[in-house]
Each structure stands twice: as C-alpha cells, then as structure tokens.
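No value in this document is a laboratory result; all are computed from the given coordinates. Owing to the predicted nature of the structure, the values given are computational and were not obtained by experimental measurement. We place every Cβ from the backbone using ideal geometry, glycine too, and count neighbours over all the protein chains shown.
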Amino acid sequence: MPQYQAVKGTRDIFPEEAALWKYIEGVVHTLASLYGFSEIRTPVFEYTELFQRGIGSTTDIVGKEMFTFQPDAKGRSLTLRPEMTAGVMRAALQSNLLSSAPVHKLYYIGELFRKERPQAGRQRQFSQFGAELLGVSSPAAVAEVITLMMQVFRSLGLHGLKLRINSLGDTDDRLRYREALQAYFAPFQDMLDEASKERLEKNPLRILDSKNPALQELIAGAPRLYDYLNPASVQDFEKVLFYLGERDIAFEIDYRLVRGLDYYCNTAFEVTSSELGAQDAIGGGGRYDGLARELGSSSDVPASGFAVGMERLLITMEKQGLLAALEAPGPDVYIVVQQVDLADHGLQIACRLRNAGIRTEIDLAARSMKAQMREANRIKASYALFIGMAEYTAGLYSLKNLATSEQTTLSLDAVVERLLERVEKEPLSS
Ligand code: AMP
C-alpha cells in the first residue's frame, strides 16, 4: 500500500468523474444566469466567530463538526467553512453590496468541511452549489430560489425527488410556539436524551430535528408550529405554494420541518431522494431575514437561499442511470504516425489542428502504429489521421472515421475543414 492515503472523509475525483462535475457545474452556471444570479466566490476559511454567530452555537456543526485551527498571530481563531451562507452574507455586509443595488442575486459552487463521521453520502470535505437572494423578502423571492433549484434537478433529468416545505412564521409566532413546545415536553423530561434536554431550555424547536428513534412517537404528538402562525404568515406561505403550483413544482407540506435557528423565518424547505439511504437530503434552504443582524448589521437583510450537495446529487444521478450519457467525448482526431522519422511532422500537424480548435491527440512515446491505433480506439477518438512517407511527400493524408471505418484522402486544408465541420456539430461543451 502506498505510504500516503487521502484523509478519511475526502476523496479524489479522477478525470472521468471530473467531466461529470464539469457538466453539472455548467448546468448550474447556465441556469443561475438564466435566473439573473451572478457568481460569488468567498474564502475557504473565515474567523470562527462568523460561524458561531452565523450558524449558531447550539448546532451540531458549530458544537462538534468544525475544522478549527490555531489562532492567527492576533489570537483570532480560524475555521474552514462548514457552509456557505454565513460567508456570503459576511461578504455582502463587508462590501456594503446592498447599498449599490437593493437586490443581489448570488450563487456559488464550492467546497465545505465538516468533521462528521464519514459514511455513504457523508464526507468531511464535500461540495455544494447554492444561491442566495439578498435584499428582498417576499413569497416571490422564495419561490424564485426554489424554482431555480428544482430547474437544475429537472435539467439534469432527475426524477422522484421529494420537495418538503413548511412555514416557520415570524419571530412572534415562534416565541409562542417555543413556549407551547416547552410546556408539551416538560412532563416528559425523563424520556428525553441528553441533547434534547439541553435543547428544551435553549432551543426546543431543535428537538423536532432529533433522529433518536426512541423520541419519534413523542415528537409526533408535539404541537404544530403551523397552528401558531398569524394570518400574515399563513398568507405568505400560501402565496409561495401558489407560485410552486403554477410552475408545476410538486411539493409536500411537512409540518415537522424546522430550521432550529432564530434567524430563519417563514418558508423552509428540503429536498430528499429515496435513492440516498440514510443521508437522504440532497438540498434545502429557506428564508433567513435575521442572519445579517446576527452578524452585526444594524438592521435585518431580507434573504432566502438554498444549498444542494454535489456528491449526493451525483450519487442520485448514478442510481437513476443518468451519468452514462454524460461521458466526456474523446478527441476529434488521433494522429497516427507510420514511421518514427515522421514524428516531428506529426507534431507540426497536431499544432496546426489544435490552433484551428480541433481536439487532437498524438503519441509522444514513439510507439508502434498498432499501439497508436489501439490508443486512438481506447480514448474514443472520432477520427484517425495517418501520416506516412507517401502522404508526407504528396501532401495528402488519409482521414479515417473510426466509427464507420470510412477513409478518405485529403489535403491538410481539407482535413482541417472536415474536422471543423464535426467540431461545429459537436462543440467542446457538449
Ligand atoms: P446543509 O447545509 O446541512 O443544509 O446541507 C445541504 C446539503 O449539503 C445537504 O442536503 C447535502 O446534500 C449536502 N451535505 C451536507 N453535509 C454533507 C456531508 N458531510 N457530506 C456530503 N454532503 C453533505
């Protein structure tokens, strides 16, 4: 076994798989731009406090999953980002983005780090793409981010995903609900596990998130947040559902879906895939008007967004048989040099073809013609261009279509023209 292994919970992405990532990222870039979102790239590490404030110190992420390193020279602790929203909001506030334009629609694709126990669909370094719509809080804005997310899934051909949605109401709604939950759980304190006991005091909504099987029956009997919503919150939620219905986006209302942080409000949603097993969430999001204030802003910044896990997206696509069709295309042409003393001429032609925009591969190890042909087929080149002494002298080359075995003899100009026709039909990005 080699001396060095990848760190547990991380993985290498080799070219074949990287091509799939590139394709999916391309769909994300195209659709985000279609909806008027622009890309933002924020640093991979931030001051630890940002996440403590922005995610909440009672969460598992902040409590036990952050990769935090030694304080910098000024004694400030640093952490690898475990999610994107806090960094995006920090960047927006720091650069006063919202003063230049009242609404900012941002999207990202990036790596995240959480010290979780690795298992299928759960890594310590993983990637998400997502969007944040800052500066406007309306049912239309939330519906816009959900629609973008669902359109990415749709464009990738995914089916059978379940969108669950709920309303968390406003701050007052949740305060009343919080009291109701505390009153409900209080008589059952002895049944609660340690984590839930702690949450009962600090943040009882998070008890509803518990995966502990022993608590599920108790949780099922708890009051519903929905019953504590004021009429304006109900109306807001119904408008979101109306937009989704109009856009043929199927959803299921899940009254137990909560985001246990104070700055979330109104709509929250999650998308799951039955193809994923225990870690079945593929993405989620909601409205988080209070985050900016949590990060020190003097006022709320209306905001909503979503995040989707790339690895889980790929696993789901694989299970649904959607990846085979996305195989990266081979080169347009493989130059087969018939004798060693023509190798330099072959290289010149490769330069010429590449300069013309034709994806060209050529042997660099002076291998036999048979080996070159084998390689051309292995890498699925569309054509082989044969360079022999007779061709060299006459300035005519044999171009063979490797799919049909059809072969023609052409001048180099005609070869370029023929291959360019193909490139135009099947551009690189396809
Ligand atoms: P969250 O930020 O926890 O709401 O996660 C959003 C999405 O990121 C999830 O639905 C998953 O698809 C993905 N995700 C979260 N944690 C991990 C992880 N440790 N490994 C792989 N994907 C993850």
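Below is a table of values for the structure above.
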{"read-out": "Taking M84, M389 and counting other C-beta atoms within 10 Å, the order from fewest to most", "value": "M389, M84"}
{"read-out": "Y4-Q235 FRET efficiency (beta carbon distance; Förster radius 60 Å; 0.05 resolution)", "value": "0.55"}
{"read-out": "Relative contact order of the chain, defined on C-alpha pairs under 8 angstrom at six or more residues apart (%)", "value": "14"}
{"read-out": "Gyration tensor over alpha-carbon atoms, the stretch 142-270, equivalent ellipsoid semi-axes in Å", "value": "30, 17, 11"}
{"read-out": "Relative contact order computed over the stretch 163-291 (Cα-Cα under 8 Å; 6+ residues apart), in percent", "value": "39"}
{"read-out": "Choice from P139, P82, P43 with maximal GNM fluctuation in the chain (Cα, 10 Å cutoff)", "value": "P43"}
{"read-out": "Where Rh is the Kirkwood radius over Cα pairs, Rg/Rh for the stretch 314-358", "value": "1.32"}
{"read-out": "With at most 15 other Cβ atoms within 10 Å, longest stretch of the chain clear of loop GluC sites (Glu not before Pro) (DSSP)", "value": "1-326"}
{"read-out": "Given charges at beta-carbon only (K, R positive; D, E negative), |dipole| of the stretch 329-425 in Debye", "value": "360"}
{"read-out": "For the stretch 253-321, alpha-carbon Rg over 2.2 N^0.38 Å", "value": "1.36"}
{"read-out": "Alpha carbon Rg of the stretch 55-113, scaled by the compact-globule rule 2.2 N^0.38 Å", "value": "1.35"}
{"read-out": "Stokes-Einstein translational diffusion, the stretch 130-176 - Kirkwood Rh over all Cα pairs, 1.306 mPa s, 10 °C, in µm²/s", "value": "124"}
{"read-out": "About the Cα centre, charge dipole magnitude for the chain (Lys/Arg +1, Asp/Glu -1 at Cβ), debye", "value": "600"}
{"read-out": "Residue among L106, F306, T360 farthest towards the positive dipole end of the chain, charges placed on Cβ", "value": "T360"}
{"read-out": "Viscosity 1.002 mPa s, temperature 20 °C, Stokes-Einstein D of the stretch 291-430 from Kirkwood C-alpha radius, µm²/s", "value": "119"}
{"read-out": "Kirkwood estimate for the chain, i.e. one over the average of 1/r between Cα atoms, Å", "value": "25.2"}
{"read-out": "Nearby lysines by direct alpha-carbon distance to K197 (threshold 17 angstrom, same-chain neighbours under 8 apart not counted)", "value": "K211"}
